[in-house]
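Read the structure below first, then the notes.
The values are calculated or read from the model by the stated rules, or taken from the named source; none is laboratory data. Treat the numbers as computed from the prediction; the structure is a model and nothing was measured. Heads up, the Cβs are rebuilt from the backbone with ideal geometry, glycines too, and the neighbour counts pull from every protein chain shown.
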Amino acid sequence: MLTIAYIGNGKSANRYHLPFSRQIEGIKVKSIYERPRSSWERIEGINYTSNIDDILNDPEIQLVVLSIPASVHYEFAKKCLNAGKNVLVEKPFSETAAEAKELFNLAKEKGLFVQAYQNRRFDSDFLTVQKVIESKVLGEILEIEMHFDYFRPEVPESVDKFSLDTSYLYGHACHTIDQVISYFGMPDKVHYDVRQLLGKVRMNDYFDLDLYYGNMKVSIKSSYFRIKPRPSFVVYGKKGMFVKETKDKQESDLKKFYMPTNEDFGLDSPEDYGVLTYVDNEGSYHEEKVVSEKGDYSLFYQALYDTLMNGKEKLVKDEETIRQIEMLEEGIRQMGHISKE
């Protein structure tokens, strides 16, 4: 049995963690630290505490999951490691690559585990794109566009000064950069276009990153000002293209409190399936829908269990997290908000 505890009892813990960790046989959620008292309904059988020492000093707890603001990830991860606990850290993992390296080194020194929570490796749209690429029908892949758009102008309009806490790059590119690195590896080079559309001193509300892999380019684009979102994925190959308009449905189901215990949780409807268009080796034209793969964030917790209890390799490698944070830092640095010192 892997016994875990959460530090933080807000939306992230209750929406993106607990519904999935509690699906895994062999994982027991023992305690949750909350302060102040959360408005989320308490779960029977879990100990809720406002004293963090109840978690750090509990010998039964093997893993602590940090579901708290990114600005304190480094501080609390270090505190948990020094208390002898393995740690899973929400994303973005840390504010700087130097902090990330320090945490990984500390965990190594103590014989402990620390890892970033990258549940979106198990998004339906991302898994479906992998299936299409690996089918080889598109031939050599030349370009991929990934979009993560909102129409929420009130968000950047309500923020009158820049901070990493509100940075769109830090808050959202940590999803998409990780997807690209996890599948394609480290890029040869990166081009950054990170903006503050409402003015230089305001919130970072837009980004457009190009990651280059030989002849292939992967573009990650996001904005708060897209009244109609761009397709989640567009994949261009020498023989055709694949367009997946809609994103993974797990988040939208969770927002409606439709839980993973339902068989159709997170499943795409046929109208949500992506469209594959290509010319085959005989020169025949094809246009067809591709049944979406099933997204399942509980697979992240299964991988976590397998690492800690069965000795399997970490799902999210240290070097992947470090490179991701380096890219986030560089994007903000090019805006003039992080010193090169």
Exactly one condition in (1) farther than 30 Å from residue 239 by Cα; (2) within 19 Å of the chain's Cα centre (by Cα); (3) of a type outside the set (Lys, Arg) is not met by residue 147; state its number. (1)
Could you tell me which residue of the range 186-231 is farthest from residue 319 (Cα to Cα), considering only residues that are within 18 Å of the chain's Cα centre (by Cα) and among the polar types (S, T, N, Q)? 223
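Scan 336, 331 and give me the residue that is closer than 26 Å to residue 165 by Cβ and in contact with a Leu (Cβ under 6 Å, 6 or more places away or on another chain). Don't jump to the end; show me each part of the working.
Working: 336 fails: in contact with a Leu (Cβ under 6 Å, 6 or more places away or on another chain).
Exactly one residue qualifies, and that residue is 331.
Of all helices (runs of 4 or more DSSP H) completely enclosed by the range 49-149, which ones contain at least 2 residues that are within 30 Å of residue 241 (Cα to Cα) and in the same structural domain as residue 274 (by TED's automatic domain parsing)? If you could, list the steps in order and put the result at the bottom.
Numbers: elements: 53-56, 73-82, 97-110, 124-135.
Correct list: 124-135.
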Looking only at the range 1-37, count every residue that is part of a loop (DSSP other than H, G, I, E, B) and either crowded, with 21+ Cβ neighbours inside 10 Å or under 22 Å from the mean Cα position of the chain (by Cα) (or both) and tell me the total. 6
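Filter the range 174-208 for residues that are among the hydrophobic types (A, V, I, L, M, F, W, C) and without any contact (Cβ under 8 Å) to a residue 60 or more places away in the chain and give the result. I'd like the intermediate steps shown before the answer.
From the range 174-208, those among the hydrophobic types (A, V, I, L, M, F, W, C) are 174, 177, 180-181, 184, 186, 190, 194, 197-198, 201, 203, 207; that's our starting set.
Of everything in the range 174-208, those that are among the hydrophobic types (A, V, I, L, M, F, W, C) and without any contact (Cβ under 8 Å) to a residue 60 or more places away in the chain turn out to be 180, 184, 197, 198, 201, 203.
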Failed condition for residue 301, given (1) in contact with a Leu (Cβ under 8 Å, 6 or more places away or on another chain); (2) touching a residue at least 40 places away in the same chain (Cβ under 8 Å); (3) over 26 Å from residue 150 (Cα atoms): (1)
Considering only the range 291-302, state which residues are surrounded by fewer than 19 Cβ atoms within 10 Å (Cβ to Cβ) and hydrophobic (A, V, I, L, M, F, W, C). 291, 299
Mind checking which residues of the range 93-148 are in contact with a Ser or Thr (Cβ under 6 Å, 6 or more places away or on another chain) and under 20 Å from residue 313 (Cα atoms)? 93, 100, 116, 121
Filter the range 50-86 for residues that are within 19 Å of the chain's Cα centre (by Cα) and among the polar types (S, T, N, Q); the one that is surrounded by the most Cβ atoms within 10 Å (Cβ to Cβ) is 67
For the range 172-221, which residues satisfy the criterion of being out of contact with any strand residue (DSSP E or B) (no Cβ under 8 Å at 6 or more places or on another chain) and either of a type in the set (Asp, Glu) or at positive phi (or both)? 199, 214
Against the condition closer than 19 Å to residue 149 by Cβ and modelled with pLDDT of 95 or more, how does residue 245 come out, does it pass? yes
List, please: which pairs have Cβ atoms under 7 Å, are six or more places apart or on different chains, and start with a residue in the range 106-133 that is on the phi < 0 side of the Ramachandran plot and end with one that is at pLDDT below 95 and basic (Lys, Arg)? 116/91; 117/91; 118/91
Hey, which of the strands (runs of 3 or more DSSP E) in the range 236-341, taking only ones fully inside, have at least 2 residues that are within 30 Å of residue 207 (Cβ to Cβ)? 240-244, 274-279
Within the range 150-181, of all residues that are assigned to a helix (DSSP H, G or I) and farther than 19 Å from residue 70 by Cα, the one nearest to the chain's Cα centre (by Cα) is 179
Residue in the range 273-285 that is among the aromatic types (Phe, Trp, Tyr) and crowded, with 16+ Cβ neighbours inside 10 Å present: yes
Go through the range 117-138 and report how many residues are closer than 15 Å to residue 292 by Cβ, touching a strand residue (DSSP E or B) at 6+ places or on another chain (Cβ under 9 Å) and hydrophobic (A, V, I, L, M, F, W, C). 4
